[in-house]
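Shown next, in C-alpha cells, is the structure this report addresses.
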Amino acid sequence: MDKFDQHIKKEVQGFLKQNIQMSQEEINNIHVSIQKRKPINFIYISAFSLFTVIMLILVIPLFQQPKEFSSAPFSFKSGIDKILPMLDEKGQDEEKLGTEKTPEEEPGSEDDEIKTEETEGEKEAIFIELLERYNNEIRGKSFELDFEDETELFTNSLGYRIIGYNSMEELTVEFSDFITAETVSKLFCLVGEKENRLYQIVSEHCRSEFYTDKPYSLEKINDNHYRISQTTVTIVDEFILTFEFSKTDNGWLITDWKRDRGINPLEKYQTLALFEQIVAEFNTMNKRFTIETTTTPLSNGEEGYRIEEVVTKSEFYNLFSDFMTTEAADIVWEEHLVEDASGLFLLPKRTKYSPYESIEYYSLTYFVDPEGTYQVSQWINTEEFQLNYEFQHIDGTWLITNWSVTE
C-alpha cells in the first residue's frame, strides 16, 4: 500500500470516528464479515466448463477438415461425430453401419439403371397402346385442303394441296415417336409430294380402324419383332389389317403395315351358293353307287349289302373326290363299311347322322382367310342336331375337309 492509500485510509477512519458511533464489538464483526470469502457456485462452474469443452470440439474440426466447409458457419455433423466416440465407441460404430450409405445404395447407381426385359403381356399392352395412337392420331388425321390449288397426283387422279405441309417428311415427323416414316408413307397411300407441296386425293382412304376390343392374332417373330393381324368384315368389304412392331433404340415402334383384301360380299354369296351345291352332292352320295338287294353274311358275323362298283374303301372314297377329301369321306362312312374277302359291304344300320338331302338351314360361322377354311353348319330341326362341314380351297377347288355332328 503506497503513501496515498495510507493517507486516504487515515482520513476515512477519522471521519468514521467523528461521525459514526460504533462499539468495538460491532467494528470487529464488520471486519470479520469483510474478511469472509464468498462461497463458490459449483453448478455454474460445471455448466460453463462443459459448454467450453463442447464448443472446442465443434470448432477444432473446422481447422482439421477444411473439405467439409459449406455455406453454414460450421459443420454440426462433424462435431457430433467427434463427441459420440467419446461417449460410446462401440455404439457409434453400429450407428455408422446403420446410417452410412454404400455406393450401391446411392441414388442413380448402376444397379438402379438396369432395365428389366418386358414380359409377353407387357409387350402386348404396349402394342395395343401404339395401335390406339394409330387410331386416334393417324387414322383420325384430317387435312385442310386448298381446292384452288389442284394437280394430277396419280394417273387420272386429281389431288388438292394440303395446307400447312410442303413435304412428306413434315408429315411423318409428327408421328416419329411411335411409328416409322416408311410406315406413315404407306398409311397415307394417296398423299403425294409434288413441286415442294403436298397433295391429297379427296377419296383417299387407306387407314382402316383397328378394333382393340375385337379378336386379333399376335405372332412372335423374335424377342424384338412381333406381328398383329385382325380380320374385319363390313357391309361392303372384308379385309385383313396387319401391323408389325420392332424394338429400337427409341423403344417399341410400329415398323410396318399392310391391308389385304378379304373376300367381298358378292364373292362370299357366290361361295355360299357353291357350298350349297357341294352339300347337296354330299347328301346324295348314295346315288353314286349301287348295292345288291339282299344281304350277305360276313366273316365278322354281321350281314351287309355288297357294293357293286368297288371292292375297297379307298376305291369307294374316290367316288366322292370331286367334292370331298379322302379323310373326310372316311369320317362319314367308316362305321358303315366292312371290307371282306368277297368285296366291300355296306352295313344295314343307318344312324340319324346319315347324310340329309336338304340344306335348308345353314349358317356361315367362321372364316380364316380367302384361301383358308370355312365352317358351315346345317341344322336338322326335326332331329334337333347339327351337321358341321368344313371347306377348304385346295388346288383351285372347294372341298369338304372335315365333318362332325353336334347334338
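None of the figures in this text is laboratory data; all of them are computed from the coordinates on show. Predicted, not measured: the structure shown is a model, and the values here were computed from it. Cβ coordinates were reconstructed from backbone atoms using ideal geometry, including for glycine residues, and neighbour counts include every protein chain displayed.
Once the principal axes of the Cα atoms of segment 120-261 are found, what is the range along each, listed largest first in whole angstroms?
51, 40, 22
What's the FRET efficiency of residue 406 with residue 249 using the Cβ-Cβ distance as r and R₀ = 51 Å, to the nearest 0.05?
On the way: r = 53 Å, r/R0 = 1.04.
Between residue 406 and residue 249 the formula returns 0.45.
Residues with amide H under 5 Å of residue 202's amide H, sequence separation 5 or more or different chain, H placed in the peptide plane at 1.01 Å from N; which?
160
What are the radius of gyration and Dmax of segment 155-205, computed over its Cα atoms and given in Å?
That works out to 10.9, 35 Å for Rg and Dmax.
Sort 321-329, 121-129 by the packing proxy (mean of other Cβ within 10 Å over each peptide's residues), most packed first. Don't jump to the answer; show the numbers that get you there.
Values: 321-329: 17.3, 121-129: 14.8.
In decreasing order of mean packing, 321-329, 121-129 become 321-329, 121-129.
At a 10 angstrom cut-off on C-beta neighbours, averaged per residue, how do the peptides 176-182, 225-231 rank from highest to lowest?
225-231, 176-182
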